[in-house]
Amino acid sequence: MTAPSAGDRIVLPSWAEASAERMAHIRRVTSLLGEWAAAMNLPADEASRWIAAGALHDALRDAPEQMLRTLTAEGERAGELLHGPAAAVRAEQDGERRQDVLEAVRHHTVGCASWERTGRALYMADFLEPGRGFLLSERAFVASQVPRDFDGAFKQVVRMRLEWSLAQGGEMFPETVELWNRMVSTRA
């Protein structure tokens with residue numbers, strides 16, 4: 001019998017609004033984060049921050065848009081981009097004080113050039129989790145590389161996300177472009 005994974009132990013906060021499908025995604029993300037943390041022999045405190053970010057990132061993904069706008073005081077941004085900032089606000093109201101966790105959750109959809117490792121790990125896990133049905137072999141390969149080459153895998157994920165967005169006719173978010181430009185200019 002194997003030990004339970006991080007995804008099996010996820011308990012969302014009482015304010016979460018996540019469907020069963022969304023919970024399955026959250027479990028896959030946190031499981032991946034837990035696997036990477038274990039393979040990288042991360043200190044327990046850092047591993048717990050990764051798992052907390054994974055658990056919180058989509059906690060409000062299925063909440064009504066008006067509620068998200070109220071929490072974020074955001075009237076202009078597209079509704080599908082509000083769940084991360086809203087979850088960060090709500091988590092902070094609920095007592096979360098670890099800034100790397102809050103920043104990871106806040107920006108997990110578009111990226112953030114000033115992220116610490118927690119944000120980078122969440123960004124990768126959200127994109128690479130095995131339940132997503134596109135670029136299966138490519139994403140699985142990059143996911144396997146994270147423990148060995150965290151920075152290289154992160155750069156690959158940012159590139160893949162930009163390429164996927166362009167191929168699908170999606171929007172190029174300024175935060176994602178800034179993240180890419182910072183990585184390219186610093187060779188991170």
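The values are calculated or read from the model by the stated rules, or taken from the named source; none is laboratory data. Note that the coordinates shown come from a computational prediction; the quantities given were computed from them, not determined experimentally. Note that we place each Cβ from the backbone using ideal geometry, even for glycine, and neighbour counts take in every protein chain shown.
Taking the condition charged (D, E, K, R) and within 15 Å of the chain's Cα centre (by Cα), does GLU116 pass? Even if it seems obvious, please write down each step before you answer.
Numbers: charged (D, E, K, R): yes; within 15 Å of the chain's Cα centre (by Cα): yes.
For GLU116, the condition - charged (D, E, K, R) and within 15 Å of the chain's Cα centre (by Cα) - is met.
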Quiz prompt | For VAL158: the one exception among (1) hydrophobic (A, V, I, L, M, F, W, C); (2) farther than 25 Å from VAL11 by Cα; (3) surrounded by 13 or more Cβ atoms within 10 Å (Cβ to Cβ); (4) more than 15 Å from the chain's Cα centre (by Cα) | solution = (4)
Self-check item: Those residues of the stretch 92-107 which are charged (D, E, K, R) and touching a residue at least 60 places away in the same chain (Cβ under 8 Å), in sequence order
Solution: ASP94
Exercise. With the condition kept exactly as written, say whether any residue in the stretch 105-119 is hydrophobic (A, V, I, L, M, F, W, C), in a helix (DSSP H, G or I), within 17 Å of VAL89 (Cα to Cα) and in contact with a Leu (Cβ under 8 Å, 6 or more places away or on another chain).
Key: yes
Quiz item: Can you tell which of GLU103, GLU65 is farther than 18 Å from VAL29 by Cβ and surrounded by fewer than 22 Cβ atoms within 10 Å (Cβ to Cβ)?
Solution: GLU65
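So, of the residues in the stretch 2-31 that are charged (D, E, K, R) and at pLDDT below 95, which turns out to be nearest to ALA52 (Cα to Cα)? Walk me through it before giving the result.
Within the stretch 2-31, the first condition is being charged (D, E, K, R), and the residues that meet it are 8-9, 17, 21-22, 27-28.
Applying the additional criterion that residues be at pLDDT below 95 yields 8-9.
Numbers: ASP8: 13, ARG9: 11 Å.
Selected residue: ARG9.
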Exercise. Tell me which of these TRP15 doesn't satisfy, since it passes every other one: (1) in contact with a Ser or Thr (Cβ under 6 Å, 6 or more places away or on another chain); (2) assigned to a loop (DSSP other than H, G, I, E, B); (3) touching a residue at least 60 places away in the same chain (Cβ under 8 Å).
Key: (1)
Self-check item: Pair list, Cβ under 9 Å, 6 or more apart: the stretch 66-91 residue farther than 14 Å from GLU17 by Cα and assigned to a helix (DSSP H, G or I), other residue modelled with pLDDT under 90 and of a type in the set (A, V, I, L, M, F, W, C)
Solution: LEU81/PHE173
